[in-house]
Every structure is written in structure tokens, then in C-alpha cells.
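Here, each number is a calculation from the coordinates, and none is a lab measurement. Because the structure is a prediction, the values reported are computed rather than measured. A quick note on method: Cβ atoms are made from the backbone with ideal geometry, for glycine too, and the neighbour counts reach across all protein chains shown.
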Amino acid sequence: MSTTEFAVTGMSCGHCETAIRSEVSLIDGVRSIEVSAATGRLVITAAKPIEDADVIAAVDEAGYEAVRS
Ligand SMILES: [Cu+2]
């Protein structure tokens, strides 16, 4: 398992979390997603290493900005 953590800007509520969760869940290999509007953290656990760029693109697709942290 591989865990990567991102800081996400722009989230304000549970709908934001849901939007990010649904986009990030489409990345191949992703097993679990923790995302919090309160802390701005996104923690992804995957069965194999995933590309930061894929996560950043997924979060962008949801309408937010992620930076690896
Ligand atoms: Cu929201």
C-alpha cells in the first residue's frame, strides 16, 4: 500500500468532500480516501504508487486545487 497526502484549497463543506472523493476514486489503484473540508487534507491510500499529477488533475476536475504535502 502507498499513502500520499495533499493540501486542498477551496473546500468548504461536505459537498466539496464528496466531489473530490468521487473524482479521486476513479484513479486506478486507489483503495481509500480521507478528505476533510475542515482541515483541507486529502489522504489517499492506493494499492500501488499513484502519480501526483493524476491526483492534482482529479481534484482540479472537481473544482479545487491540490498540492502535494
Ligand atoms: Cu462544499
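State all residues of segment 1-32 that are within 16 Å of the ligand (Cβ to nearest atom) and of a type in the set (A, V, I, L, M, F, W, C); if no residue qualifies, say none.
Val8, Met11, Cys13, Cys16, Ala19, Ile20, Val24
Could you list, in sequence order, all residues of segment 18-66 that are surrounded by 14 or more Cβ atoms within 10 Å (Cβ to Cβ), of a type in the set (Val, Ile, Thr) and closer than 15 Å to Val8 by Cα?
Ile20, Val24, Ile33, Val35, Val43, Ile44, Val55, Ile56, Val59
Give me the pairs, please: first residue somewhere in segment 1-24 and more than 13 Å from Glu61 (Cα to Cα), second residue anywhere and charged (D, E, K, R) and more than 8 Å from the ligand (Cβ to nearest atom), beta-carbon distance under 6 Å, and either six or more positions apart or on two chains.
Note: pairs meeting the criteria are Phe6/Arg68; Thr9/Glu65.
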